[in-house]
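K.L.:
Sharing a structure below in structure tokens format, with a few things to ask.
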Amino acid sequence: MSHTIYTSYAPIYAASGQAWVGLRAWSTVERWLSEAGWRGQQAADLGCGTGEVAAVLAQAGYHVAAVDRSANMLALAQATNADSRITWELADLADWHSAPLDLVVSFYDTLNYLTELDTLTSLIAQVGAALRPGGIFAFDLNTPSEYITWDERSTVTADNDDLFVYNVLHFTPESQLAEGRIVWFERAAGGWRRGEETHLQRAHSDAEVVGALRAAGLSVQARLDLLGAPADLATATRIVYLAQRLAAPSS
């Protein structure tokens with residue numbers, strides 16, 4: 001991941017309401033866990049961003065380690081979430097402080113930002129080691145079916161009286177790397193202020209994800225869309241994965 005993303009863009013992310021994707025994913029996961037009769041107390045939110053999911057987890061009774069590598073995103077999260085059940089941690093996903101956990105979540109493209117398969121595999125192994133037997137790892141991913149539509153496409157993500165945000169999207173099938181150039185204009189004294197960040201992501205295939213999970217001792221329990229229906233692996237543009245820790249990692 002670039003060290004410069006989610007710096008000047010952090011308040012724009014918050015102002016444009018993009019946290020809804022993570023909240024929607026958690027709602028889907030929470031419903032699945034409830035229907036399965038699963039319970040837990042200790043959780044981690046990897047790539048917590050501005051903290052909305054961590055706050056909901058805390059309200060549900062979890063003690064949450066909320067981890068993000070962007071100091072600006074964490075500052076916004078802490079400014080709006082004072083729940084004592086949340087511990088905020090500024091760390092790269094490769095270096096977060098792991099402890100025995102019942103639940104690990106990671107939403108809204110966080111794992112897509114891991115642009116090397118080895119890095120994804122290493123993180124999943126770390127999650128597997130941190131989870132107690134029976135623990136759950138829930139995360140979402142943009143799929144190759146989503147990124148193939150990033151063919152020099154532009155999308156508007158916010159358009160109101162004080163803020164305009166658009167993304168210029170590009171995908172390279174040979175490398176499976178996707179680039180999003182985020183450009184915004186926010187109202188400032190006397191006019192508008194322009195900002196820009198470029199974000200790089202990778203399309204991880206289902207086979208790659210499942211292989212990494214199995215190697216970490218995690219078994220896929222469900223693949224869902226954001227509304228909670230079983231995901232169609234051939235066409236889904238975003239998949240919510242639920243994987244459970246087995247008694248011991250695979251050898």
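K.L.:
Can you confirm whether ALA231 is of a type in the set (A, V, I, L, M, F, W, C) and surrounded by 17 or more Cβ atoms within 10 Å (Cβ to Cβ)?
P.N.:
So ALA231 fits the description; yes.
K.L.:
Looking only at residues that are buried (at least 22 other Cβ atoms within 10 Å of the Cβ), small (Gly, Ala, Ser) and not in a helix (DSSP H, G or I) in segment 105-141, which one is farthest from the chain's Cα centre (by Cα)?
P.N.:
Filtering first and then ranking leaves GLY135.
K.L.:
Among ASP95, ASP83, ASP102, which is free of Cβ contacts under 8 Å to residues at least 40 places away in the same chain and over 22 Å from TRP20 (Cβ atoms)?
P.N.:
None of the other options fit; the residue is ASP95.
K.L.:
Among the listed residues ALA60, ALA10, ALA44, identify the single one that is farther than 23 Å from GLY134 by Cα and either modelled with pLDDT of 95 or more or more than 18 Å from the chain's Cα centre (by Cα) (or both).
P.N.:
Only one candidate qualifies: ALA10.
K.L.:
A further question on this structure: Out of all the residues in segment 236-244, is one or more under 26 Å from VAL156 (Cα atoms), out of contact with any Lys or Arg (no Cβ under 9 Å at 6 or more places or on another chain) and touching a residue at least 12 places away in the same chain (Cβ under 8 Å)? Reasoning before the result, please.
P.N.:
Step one: list which residues in segment 236-244 are under 26 Å from VAL156 (Cα atoms), which gives 236-240.
Imposing the further condition that a residue be out of contact with any Lys or Arg (no Cβ under 9 Å at 6 or more places or on another chain) reduces the set to 237-238.
Next cut, touching a residue at least 12 places away in the same chain (Cβ under 8 Å) only: 237-238.
Taking every residue of segment 236-244 in turn, at least one turns out to be under 26 Å from VAL156 (Cα atoms), out of contact with any Lys or Arg (no Cβ under 9 Å at 6 or more places or on another chain) and touching a residue at least 12 places away in the same chain (Cβ under 8 Å).
K.L.:
How many residues, within segment 171-200, are part of a strand (DSSP E or B), at negative phi and either free of Cβ contacts under 8 Å to residues at least 12 places away in the same chain or more than 20 Å from the chain's Cα centre (by Cα) (or both)?
P.N.:
Of segment 171-200, the ones part of a strand (DSSP E or B) are 171-172, 177-188, 191-200.
Now narrow it down to the ones that are at negative phi: 171-172, 177-188, 192-200.
This time we only want the ones that are either free of Cβ contacts under 8 Å to residues at least 12 places away in the same chain or more than 20 Å from the chain's Cα centre (by Cα) (or both), so: 172, 183-188, 192-196.
The total comes to 12.
This table checks each residue for (1) in contact with an Asp or Glu (Cβ under 6 Å, 6 or more places away or on another chain); (2) under 22 Å from ASP83 (Cα atoms); (3) surrounded by fewer than 16 Cβ atoms within 10 Å (Cβ to Cβ).
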residue	(1), (2), (3)
ILE12	no, no, no
TRP20	no, yes, yes
ALA25	yes, yes, no
THR28	no, no, no
SER34	no, no, yes
GLY37	no, no, yes
LEU46	no, yes, no
GLY51	no, yes, no
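K.L.:
Scan segment 75-88 and tell me whether some residue there is within 29 Å of THR172 (Cβ to Cβ) and either outside the structural domain of SER175 (by TED's automatic domain parsing) or assigned to a helix (DSSP H, G or I) (or both). Lay out the reasoning, then the answer.
P.N.:
Of segment 75-88, the ones within 29 Å of THR172 (Cβ to Cβ) are none.
Within segment 75-88, not a single residue is within 29 Å of THR172 (Cβ to Cβ) and either outside the structural domain of SER175 (by TED's automatic domain parsing) or assigned to a helix (DSSP H, G or I) (or both).
K.L.:
Does ASP102 satisfy the criteria of being more than 16 Å from the chain's Cα centre (by Cα) and within 19 Å of ALA65 (Cβ to Cβ)? Can you show your working first?
P.N.:
Numbers: more than 16 Å from the chain's Cα centre (by Cα): yes; within 19 Å of ALA65 (Cβ to Cβ): yes.
Answer is yes for this residue.
K.L.:
Related question: Going by what's in this entry, would LEU242 be described as under 18 Å from the mean Cα position of the chain (by Cα), part of a loop (DSSP other than H, G, I, E, B) and not small (Gly, Ala, Ser)?
P.N.:
Numbers: under 18 Å from the mean Cα position of the chain (by Cα): yes; part of a loop (DSSP other than H, G, I, E, B): no; not small (Gly, Ala, Ser): yes.
Criteria not met by LEU242.
The values are calculated or read from the model by the stated rules, or taken from the named source; none is laboratory data. This structure is a prediction, so every number in the text was calculated from the model and none was measured. Positions of Cβ are backbone-derived with ideal geometry, glycine not excepted, and every protein chain shown enters the neighbour counts.
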